[in-house]
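Report on one structure; see the data block that follows.
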Amino acid sequence: MKKKKADCIVRAEYLLPMDDHLSVMTDGAVAVKDGKIKCLGRYEEIASRYDSPAIIGGSGRVVLPGLINTHTHAAMVYFRGLADDLPLKQWLENHIWPAESRWLSPEFVSDAVELACLEMVKAGITTYNDMYFFGDAAGNATKKIGVRAVLGAGIVDFPTVAGKTADEYLGKAGDFIERWKGDALITPCIAPHSLYACGPETLKRARKLADHHDVPVHIHLSETQWEVQEILSRYGKRPVHYLEDINLLENRVLAAHCVWIEEDEIQLLARHEVGVSHCVESNLKLASGIAPVTRMLDAGIKVTFGTDSAASNNDLNIFSELSTAAKLHKTVSGDPTALDSRKALLMATRWGAEVLGLGRLTGSIEEGKAADLVVVDLGRPHLTPIYDIYSHIAYSVKASDVESVIVGGKVIVSKGQFCSGDEAGIMAKAKQWGKKICKGRDVQHGQQ
Ligand SMILES: [Zn+2]
């Protein structure tokens, strides 16, 4: 039988397709052609059917679907470590917002998103869900690096450097969606910031716009106790009830945080099939609280992992998020069997893609899906010996163990080296911006 041609074959000692059975294939391989997964199976079988100019991975490796970061503000990597160890309000009002109004521009977003994508892809993240401003700059930078993103056009009711009124933000969001709809890597969406930053009229109009364009809504929800009290005092209802009353939950909503939600709110989120992004490290660092993750999972909610911004976290690392969450929720629930390692990886991959509406495209290693693959090198002291590969991923693997990353069939990281752009140039630009931002901060604080 004549062999078919593949663009590359990815081989690993352990192949985790993240299929319905959460199976483990030993000495597995994936044939990649035209950006897609053509076939997967035992290496011998794949090698007998496909000719390939390149074999990526090999023994002592695990291949898994690219990780999905379901909530971030990528461009804020340039504010990483700008201000830490502060209460949320003081952190935002005295540090982050002034820095944003001083520095945000399309050029800033473009340069910063390149750094964020570089950081994410080297850590095995192949898709991220973003909420910010200057989406065109973010989209172009993301495409340049070659990763996948859902980019939410940020909407608030007050003036920022990106707009003045809700009208303007909504108008820009509509135009942004028109421009990016159908792009192979970028999915546009609408991101009304939160219930406290957008009034009911703005939220209703955002819902309408999302329905009109058939795109998801990405929103912060019940991150802090302050927020819940604020919504209760403004509208006499808890946040999830309020969102239900204004019909925001009707279709395809991704809610970030969901820390302070009660049982009946959990049931409502489940009924509306709202996807949740659990940003455990950001919530811990800002002392926002601990989301009731096991109760949400029990209710049937697809809980996934988000890093939130690098200004509050302070990195973009889903391996670390899933590890922290898997441990924390055992203690919180008093049940060491809660959030086991298989579930944690499912939440970080297939469910992440599904809550973003990308379930048919990515999130698992299945024939016909995009070839979004991560190869991890297991030949490290902290990964030896191996009894259960899922356990290793949840509790032992570090982002720096990622060896190769493929997005849509394109090799972005090979043997630890970024090969889809100029890493040194991206780093040099980031350092230059850092110097400018540092000077600006010293001036601002000197004047106070
Ligand atoms: Zn956020």
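The values are calculated or read from the model by the stated rules, or taken from the named source; none is laboratory data. These numbers were taken from a predicted model, which means no experiment stands behind them. Every residue, glycine among them, receives a Cβ derived from its backbone with ideal geometry; neighbour counts consider all protein chains shown. SASA here: full protein model, heavy atoms, side chains in, ligands and nucleic acids out. Shrake-Rupley method; radii C 1.70, N 1.55, O 1.52, S 1.80 Å.
With θ set to phi - 60° and the Karplus curve 6.51 cos²θ - 1.76 cosθ + 1.60, what are the ³J(HN,Hα) couplings of the stretch 404-420 in order, to the nearest whole Hz, using x for Gly and Pro?
9, 9, 10, 10, x, x, 9, 6, 9, 10, 10, 6, x, 9, 5, 10, 10
Which lysines, if any, have their Cα less than 27 Å from the Cα of LYS172, not counting same-chain residues under 8 positions apart?
Within the straight-line limit of under 27 Å, LYS172 reaches these lysines: LYS143, LYS144, LYS164, LYS181, LYS204, LYS208.
Going through the stretch 352-448, which chymotrypsin sites (Phe, Trp or Tyr not before Pro) have at most 15 other Cβ atoms within 10 Å and a DSSP loop state?
Here the sparse-neighbourhood loop sites are TYR387.
What is the antiparallel percent of DSSP beta bridges lying wholly in the chain, to the nearest 5?
Here the share of antiparallel DSSP bridges comes out near 45 percent.
Which listed residue (CYS419, ALA399, VAL443) has the Cα farthest towards the positive end of the charge dipole for the stretch 398-448, taking +1 on Lys and Arg C-beta and -1 on Asp and Glu C-beta about the Cα centre?
Toward the positive end, the furthest listed residue is VAL443.
Give the shape of the stretch 110-159 as rounded, prolate or oblate, defined through the alpha-carbon gyration tensor: a ≥ b ≥ c are the square roots of its eigenvalues, a/c under 1.5 means rounded, and otherwise the shape is prolate if a/b is larger than b/c and oblate if not.
Prolate, since a/c reaches 1.5 and a/b exceeds b/c.
Please report, in debye to the nearest 20, how large the charge dipole of the stretch 31-184 is about its Cα centre when each Lys and Arg carries +1 at its beta carbon and each Asp and Glu carries -1 there.
The dipole magnitude comes to about 640 debye.
Give me the net charge for the shell around ALA299: Cβ to Cβ below 13 angstrom, other residues only, Lys and Arg +1, Asp and Glu -1.
So the surrounding residues net to -3.
Name the long-range amide H neighbours of CYS39: under 5 Å, sequence gap of 5 or more, or other chain; modelled H, no Pro or chain starts.
When sequence neighbours closer than 5 places are left aside, the close amide H contacts are ALA31.
Given points 7 Å out from each Cα along the Cα-Cβ axis, report the CYS438 to ALA197 separation in nanometres with one decimal.
Distance between the two pseudo-spin positions: 2.8 nm.
In percent, how large is the relative contact order of the stretch 27-156, given Cα pairs closer than 8 Å and 6 or more residues apart?
It rounds to 23 percent for the stretch 27-156.
Send over a whole-number figure in Å² for the accessible area per residue of the stretch 370-448, probe 1.4 Å.
51 Å²
I want to verify a result. In a Gaussian network model of the chain, Cα cutoff 10 Å, which of these has the top mean-square fluctuation: CYS198, CYS39, CYS438?
Of the options given, CYS438 has the highest mean-square fluctuation.
Using the Cα centre of the stretch 298-448 as the reference point, and only Cβ charges (+1 on K/R, -1 on D/E), how large is the resulting charge dipole? Debye, rounded to the nearest 20.
In debye, rounded to 20, the stretch 298-448 gives about 540.
Can you list residues whose amide H is under 5 Å from GLY28's amide H, if they're 5+ apart or on another chain and H is modeled 1.01 Å from N?
Those lying under 5 Å, H to H, from GLY28 are ALA12, TYR14, LEU15, TYR43.
Could you give the distance between the Cα centres of the stretch 258-302 and the stretch 1-56, to the whole Å?
The stretch 258-302 and the stretch 1-56 have Cα centres spaced 37 Å from each other.
With every protein chain present, what accessible area does PHE305 have (1.4 Å probe, heavy atoms only), rounded to the nearest 10 Å²?
Accessible area, nearest 10 Å²: 0 Å².
At 1.4 Å probe size, with every protein chain present, just tell me what the per residue accessible area of the stretch 167-211 comes to in Å².
The answer is 41 Å² per residue.
Collect residues whose amide H, placed 1.01 Å from N in the peptide plane, falls under 5 Å from the amide H of SER277; neighbours closer than 5 in sequence don't count.
ALA255, ALA256, HIS257, THR304
Of TRP180, TRP97, TRP260, which is the most mobile in a GNM of the chain whose springs link Cα atoms less than 10 angstrom apart?
Greatest mean-square fluctuation among the candidates belongs to TRP97.
Please report the net charge: other residues with Cβ closer than 10 Å to the Cβ of LEU356, K and R +1, D and E -1.
Around LEU356, the charge tally is +1.
Return the carbon/sulfur percentage of the accessible area of the stretch 354-448, one whole number, probe 1.4 Å, all protein chains in place.
53 percent
Size of the dipole of the chain about the Cα centre, Lys and Arg at +1 and Asp and Glu at -1 on the beta carbon, nothing else charged, in debye to 20?
1100 debye
Per the 1.4 Å probe, what fraction of the accessible area of the stretch 58-200, in percent, lies on carbon and sulfur atoms?
55 percent
Please give the solvent-accessible surface of ASP84 in Å², to the nearest 10, using a probe radius of 1.4 Å with every protein chain present.
So the heavy atoms of ASP84 present about 50 Å² to solvent.
Just check the stretch 248-386 against the gyration tensor rule for me: Cα atoms, a ≥ b ≥ c as the square roots of the eigenvalues, rounded for a/c under 1.5, and otherwise prolate or oblate depending on whether a/b exceeds b/c.
oblate
Order ASP27, ASP34, ASP211, ASP19 by their accessible area, 1.4 angstrom probe, all chains in place, largest first.
ASP34, ASP211, ASP27, ASP19
Tally Lys and Arg at +1 and Asp and Glu at -1 over the other residues with C-beta under 15 Å from the C-beta of ILE426: what net charge comes out?
0
From the phi of every residue in the stretch 353-358, what ³J(HN,Hα) in whole Hz does the Karplus formula 6.51 cos²θ - 1.76 cosθ + 1.60 yield, where θ is phi - 60° and glycine or proline is x?
5, 5, 5, 8, x, 10
Could you give the distance between the Cα centres of the stretch 199-227 and the stretch 123-191, to the whole Å?
Measuring centre to centre over Cα atoms gives 15 Å.
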